[in-house]
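Engineer: Here you go, one structure.
The values are calculated or read from the model by the stated rules, or taken from the named source; none is laboratory data. Since we're looking at a predicted model, the values are computed, not measured. FYI the Cβ positions are ideal-geometry reconstructions off the backbone, even for glycines, and counts take in every protein chain you see. Calculation scope for accessible area: heavy atoms of the full protein, side chains included, ligands and nucleic acids excluded. Shrake-Rupley method; radii C 1.70, N 1.55, O 1.52, S 1.80 Å.
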Amino acid sequence: MDGLLIGLDLCDDYGQVSVYGRDNVWTIPGVICRAKKQDQWYIGDEAYSVNLSGEGVMIEKPASFVRKDKLAEADGESFDGVRLMEEYLNGILNLIKKECETDKVIQMVVALPHMDSKVMDCLLYCADFLGIPRSRFHVISREESFLYYVLSQKKEIWAGQVGLFDFSQRGLRYFEMKVQRGLKQTTVLSDSEELEEGINLDMLESTSGARLADKALCSCSERLLAKKMFSSILLTGKGFEKPFWASDFMKVIGKRRKIYSETGLFARGAARKAADCQEAETAFPYVMICEGRLKYTISMEVIHDEKPTQLVIAASGDSWYEAKSTLDFILDNQEKLVFQIQPLDSRKKYDVTMKLEGLPKRPNRTTRIQMKVGFRDENTMAVVVADRGFGELFPASDIVIRREIAL
């Protein structure tokens, strides 16, 4: 394909990049350096070199400046997190374009350890700065990139549940995937949790530390894998690049299961999603439930063509960040909006009511409202209702009703 399908796993400590169709994974340390007395930026290993030579000022963990609303000082100037991320991502893209000998980016997907709305907003601003249309730029969670990676493998790997241990600078995290096959659709679920805060990469520098880490991993894996049918266990992260230190852990997870190790797994999963975004029909016709995606279907009962109709506002498996809609209604003896909330367990369906207080009193069917729906996160829906009146007879007012609904 003429152009790049890029997956980027972005965290504070590093960015890992995978280009669909290529075996390479590039790891760029999460540092950025501004050259003194000139507006030139360097990233990763080059940033370290420029800083050591005394020619620049280095800033570590640019993503953290976005989350914390901090300013960075460099050579007498202040830079916010958005500017730092723009230069960091621009440096990454320039590196990849040079390595792959093309300037064209077709799709780019960024995977985050956690779906932080500040960072997500910042990344969209960065897409504009980089000249990538927002329709070709997506932000997902590591849980979702994990699903895309696994589902792109042979089905025997995910015939049962799949576990993933990620041991990196951030510590140890466990991911789990399971498939629920139904008559109408297949649902794929992913969840994750932090493990043993005391385990870190520094422990592997000594024999005694490695032994303690191995023992802790054994305890975690025995708890997590007990009484479940796993078809495979995956390992990723710097800590598992040479897993000889974890001999007992490897024995525990290898009982009647296949073990796979993959460098840059989250970047590869993001690149696979980037490739799928380019296709007319998805290769992953599943409802994916994970961090960053809704676990509920939200709908309303409306009258359309004189018939009651269930109008779906957002469906389970939709990206909450991208699930936005604007709808116009004419009220028919209606003083409230009723939303039907359908969790994955259909037995737990419930309604949420939003009162339309303060709207002007008009004859029936002469009030038109516009409703905008978005999501603050995967568990919070934001609804804004504005009065639009009814033509020249009943002009629109300035009344706006806002409500946040916990799902």
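Engineer: Tell me which residues come under 5 Å, amide H to amide H, from Leu4 once H is placed; ignore anything under 5 positions away on its chain.
Structural biologist: Lys104, Val105, Ile106, Gln107
Engineer: What do you get for trypsin sites (Lys or Arg not before Pro) in segment 33-103 restricted to DSSP loop and a cutoff of at most 15 other Cβ within 10 Å of the site's Cβ?
Structural biologist: Answer in residue order: Lys36, Lys37, Lys68, Lys70.
Engineer: Sticking with this one: Using a 1.4 Å probe on the protein heavy atoms, what percent of the accessible area of segment 198-322 belongs to carbon and sulfur? If you can, show how the numbers build up before the last one.
Structural biologist: Details: 3380 of 6660 Å².
Ligands and nucleic acids excluded, carbon and sulfur give 51 percent.
Engineer: Say R0 is 51 Å: what FRET efficiency, to the nearest 0.05, do Arg134 and Asn333 get from their beta-carbon distance?
Structural biologist: Working: r = 40 Å, r/R0 = 0.79.
Efficiency computed from Cβ-Cβ geometry: 0.80.
Engineer: Here's a follow-up. Between segment 5-77 and segment 223-300, what is the separation of their alpha carbon centroids in Å?
Structural biologist: Result: 27 Å between the Cα centres.
Engineer: DSSP loop (so not H, G, I, E, B), at most 10 other Cβ within 10 Å: list which GluC sites (Glu not before Pro) in segment 52-139 pass both filters.
Structural biologist: Those satisfying the criteria are Glu101.
Engineer: Roll a 1.4 Å probe over the protein heavy atoms and report the accessible area of Leu52 in Å², nearest 10.
Structural biologist: Number for this one is 150 Å².
Engineer: Out of the DSSP beta bridges found with both residues in the chain, what percent are antiparallel (nearest 5)?
Structural biologist: If we restrict to bridges inside the chain, about 75 percent are antiparallel.
Engineer: Just order 362-374, 324-336 by mean Cβ neighbour count inside 10 Å, highest at the front, would you?
Structural biologist: Most protected by this proxy first, the peptides run 362-374, 324-336.
Engineer: Using modelled backbone amide H atoms (1.01 Å from N, in-plane), which distant-in-sequence or interchain residues come within less than 5 Å of Thr186's amide H?
Structural biologist: Here the answer is Val287, since their amide H atoms fall under 5 Å of that of Thr186.
Engineer: Here's a follow-up. Could you work out the helix-only [θ] at 222 nm for the chain, with each DSSP H run of four or more residues adding -39,500 (n - 2.57) and the total divided by the number of residues, to the nearest 500 deg cm²/dmol? Before the final figure, lay out the partial values.
Structural biologist: Working: 8 runs with 98 residues, N = 407.
Computed ellipticity for the chain at 222 nm equals -7500 deg cm²/dmol.
Engineer: If I model a spin label as a point 7 Å beyond the Cα along the Cα-Cβ vector, how far apart are those points for Thr380 and Phe394 in nm?
Structural biologist: Placing both labels 7 Å beyond Cα along the Cβ direction yields 3.4 nm.
Engineer: Taking a label point 7 Å from the Cα of His304 along the Cα→Cβ vector, which residues of segment 320-346 have an amide N closer than 13 Å to it?
Structural biologist: 327-329
Engineer: For the chain, just say rounded, prolate or oblate: build the C-alpha gyration tensor, square-root its eigenvalues into a ≥ b ≥ c, call rounded for a/c under 1.5, and beyond that prolate if a/b exceeds b/c, oblate if not.
Structural biologist: Judged from the Cα gyration tensor, the chain comes out oblate (a/c at least 1.5, b/c at or above a/b).
Engineer: Something else: Over segment 241-397, what relative contact order in percent results from Cα pairs under 8 Å that are six or more residues apart?
Structural biologist: Details: 219 pairs, mean separation 27.1, N = 157.
After rounding, I find 17 percent.
Engineer: Related question: Please identify, among Ala226, Ala323, Ala382, the residue showing maximal mean-square fluctuation in a Gaussian network model of the chain using a 10 angstrom Cα cutoff.
Structural biologist: Maximum among the listed residues: Ala226.
Engineer: Write down Rg/Rh for segment 293-403, rounded to two decimals, with Rg from the C-alpha atoms and Rh from the Kirkwood relation over Cα pairs.
Structural biologist: Using Cα coordinates only, the ratio equals 0.99.
Engineer: Just to be sure I understand: with springs between alpha-carbon atoms less than 10 Å apart, which residue in Thr236, Thr186, Thr297 has the highest mean-square fluctuation in the Gaussian network model of the chain?
Structural biologist: Result for the chain, Cα springs under 10 Å: Thr186 fluctuates most.
Engineer: Provide the percentage of antiparallel DSSP beta bridges, counting only those with both residues in segment 43-164; round to the nearest 5. List each step's numbers first, then the result.
Structural biologist: On the way: 4 of 9 bridges.
Counting only bridges with both partners in segment 43-164, antiparallel ones make up about 45 percent.
Engineer: Right, next: Treating only the Cβ atoms of Lys and Arg (+1) and Asp and Glu (-1) as charged, compute the dipole magnitude of the chain about its Cα centre; round to the nearest 20 debye.
Structural biologist: 1520 debye
Engineer: Near Gln38, within a Cβ-to-Cβ distance under 14 Å, what is the net charge of the other residues, with Lys and Arg +1 and Asp and Glu -1?
Structural biologist: -2
Engineer: Is the shape of segment 312-351 best called rounded, prolate or oblate, per the rule: a/c under 1.5 gives rounded, else a/b larger than b/c gives prolate, else oblate, with a ≥ b ≥ c the square roots of the Cα gyration tensor eigenvalues?
Structural biologist: Verdict is oblate for segment 312-351.
Engineer: Is segment 35-127 best put as rounded, prolate or oblate by its Cα gyration tensor, with a ≥ b ≥ c the root eigenvalues, rounded for a/c under 1.5, and otherwise prolate when a/b is larger than b/c, oblate when not?
Structural biologist: Oblate is the answer for segment 35-127, as a/c is 1.5 or above yet b/c matches or exceeds a/b.
Engineer: Which stretch or stretches of segment 325-342 have amide N atoms under 12 Å from the point lying 7 Å from Arg365's Cα along the Cα→Cβ direction?
Structural biologist: Hits in segment 325-342 for Arg365 at 12 Å: 330-333.
Engineer: Just to confirm the filter: which trypsin sites (Lys or Arg not before Pro) across segment 103-161 are DSSP coil and have at most 14 other Cβ within 10 angstrom of their Cβ? Before the final figure, lay out each step's value.
Structural biologist: Details: sites: Lys104, Lys118, Arg134, Arg136, Arg142, Lys154, Lys155; in loops: Lys104, Lys154.
The qualifying sites are Lys104, Lys154.
Engineer: Separate question: Give me the percent relative contact order of the chain, please, defined on Cα pairs under 8 angstrom at least 6 residues apart.
Structural biologist: Once divided by the residue count of the chain, the mean separation gives 13 percent.
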